[in-house]
Amino acid sequence: MKLKSFMLAACAAAMTTGAAQADGLKVGMITTLSGGGAGLGIDVRDGFMLAVKQSGRSDIELVVEDDQRKPDVAVQLADKLVQSEKVDVLTGIIWSNLAMAVVPSVTAQGKFYLSPNAGPSALAGKGCHPNYFNVSWQNDAFNEAAGAWATENGVEKVFLLAPNYPAGKDMIAGFKRFYDGEVSNEVYTKLGQTDYAAEIAQIRADDADMLYYFLPGGMGISFMKQYAGSGADKPVMGPAFSFDQGILGAIGEAALGVKNTSHWSKDLDVPGNAEFVASFTEEFGRLPSLYAAQGFDTGLLLASAMEKADVSDADAFRAALKEADFQSVRGDFKFAPNHHPIHTIYMREVVKEGDVVTNKVIGVAAEDHTDAYGVDCKM
């Protein structure tokens, strides 16, 4: 799918303020719009587009491409966007293995990359780059908060499960970094796997107090349905990616009671969030997910930088991005020196509100959290 040269504006006659772009700005969005992870990419795209529309800017041109969740396709698309489309900024990638295949190359060519989702550890530490800004999180973050919460709440033994790719490894490493109990088993599955009978048999036979897993998109839907149907009764916890709104819509009541960590929730009481939830729901006919919230924040960040600098002045534009002068729908937000977020991470619980299965914030899991890799970033 490609929205070729799609012009976004709240109003064709809208006038911009501040340091307007002399010739506009062209954004290349590479994201997943087909296959098992399509819902994630669609939400990032829609959140980003809504933010740009609400900014009132008519000088942002967006080219959207479907990476099909394939690294080789993502690399080809990035080359085309940089060399042929002449984009100024790239964004959109959902999966960490695709980010690792694309981001180092495009930043080395002088382009800016704003990550609305993937946050591999390699790009937060030694592989950081002045033109790379992560607007979402570093992969370990939600899991570090969950590990601390499990420790503080007396969970003595856990079973860990994740896909075998960079984000899966980061997620589990993050949980273990802040968990003081015992890990009874640590299992890595095939990326994109849909049959979890063997893993569920292992979990049922294990004496862990809790199952902690990371399985985003279609993987999480398949697993949780099979887990609930198996009669397994171990309490479940994980990062929000496994229990976000799109996944809960497919899982339904099987997820009730599950606890998960997130930097955002639709009920979060911070300036602008209720308005975002209402406008996204009205625009697209569904509740926003955290992916939509991250896409929205990415669009807000871009628009805020354009108010202060022209992308043709790379140093000025980089400084404007670094300021992060926008009201994030997650509340307080700023960049650490490695261009990754400093923000609060909350504990949520899956509940039923009327006929809708959704998440509710039940407390703070980590305040002003930043990643563990920034000390290795030399910019």
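Does region 227-379 come out rounded, prolate or oblate, given a ≥ b ≥ c as the square roots of the eigenvalues of its C-alpha gyration tensor, rounded meaning a/c under 1.5 and, failing that, prolate meaning a/b above b/c?
Since a/c reaches 1.5 and a/b is larger than b/c, the shape of region 227-379 is classed as prolate.
Multiply the residue gap between residue 279 and residue 182 by 0.36 nm, knock off their C-alpha separation, and tell me the result in nm, one decimal place.
Answer, rounded to one decimal: 30.5 nm.
Are there trypsin sites (Lys or Arg not before Pro) in region 62-103 that DSSP puts in a loop and that have at most 15 other Cβ atoms within 10 Å, and which ones?
Here the sparse-neighbourhood loop sites are 86.
Could you grab the relative contact order for region 239-379? Cα pairs under 8 Å, six or more apart, rounded to a whole percent.
After rounding, I find 29 percent.
Could you list the chymotrypsin sites (Phe, Trp or Tyr not before Pro) in region 204-257 that lie in coil according to DSSP, counting only those with at most 16 other Cβ atoms within 10 Å of their Cβ?
none
Indicate the gyration tensor shape class of region 103-201 (rounded, prolate or oblate), computed on the Cα atoms with a ≥ b ≥ c the square roots of the eigenvalues: a/c under 1.5 is rounded; otherwise a/b larger than b/c is prolate and the rest oblate.
Here region 103-201 falls in the oblate category.
How many nm is it between the label spots at residue 34 and residue 194, if each spot is 7 Å from the Cα in line with the beta carbon?
Here the modelled spin labels are 1.6 nm apart.
What ranking of 344, 151, 261 emerges when the number of other C-beta atoms within 10 Å of each C-beta is taken as an exposure proxy, fewest first?
Fewest-to-most Cβ neighbours within 10 Å comes out as 151, 344, 261.
Where does the charge balance sit around residue 296 when Lys and Arg score +1, Asp and Glu -1, over other residues with C-beta under 13 Å from its C-beta?
Charge balance in the 13 Å sphere: -1.
Would you work out the relative contact order for the chain, in percent, from Cα pairs under 8 angstrom that are 6 or more residues apart?
19
State whether region 51-90 is rounded, prolate or oblate according to the following rule on the C-alpha gyration tensor (a ≥ b ≥ c being the square roots of its eigenvalues): a/c under 1.5 gives rounded; otherwise a/b larger than b/c gives prolate, and the remaining case gives oblate.
oblate
Pull up the DSSP beta bridges for the chain and report the antiparallel fraction as a percent, rounded to 5.
Taking every DSSP beta bridge within the chain, about 40 percent pair in antiparallel fashion.
Here are labelled values, (1) 1.19; (2) 0.95; (3) 1.01, and one is the computed Cα Rg over 2.2 N^0.38 Å for what I pasted. Which one?
(2)
Sticking with the crude label model, points 7 Å out along Cα→Cβ, report the distance from residue 201 to residue 73 in nm, one decimal please.
Reported label-point gap for residue 201 and residue 73 is 3.3 nm.
Positive end of the charge dipole of region 231-379 (Lys, Arg +1 and Asp, Glu -1 on Cβ, about the Cα centre): tell me which of 270, 343, 311 has its Cα farthest that way.
Farthest along the dipole direction, towards plus: 343.
Laboratory data are not the source of any read-out in this text; all were calculated from the coordinates shown. Since the structure is predicted, the reported quantities are computational estimates derived from the model, not experimental observations. Because the Cβ atoms are built from the backbone with ideal geometry, glycine has one as well, and the counts that use them run over all protein chains shown.
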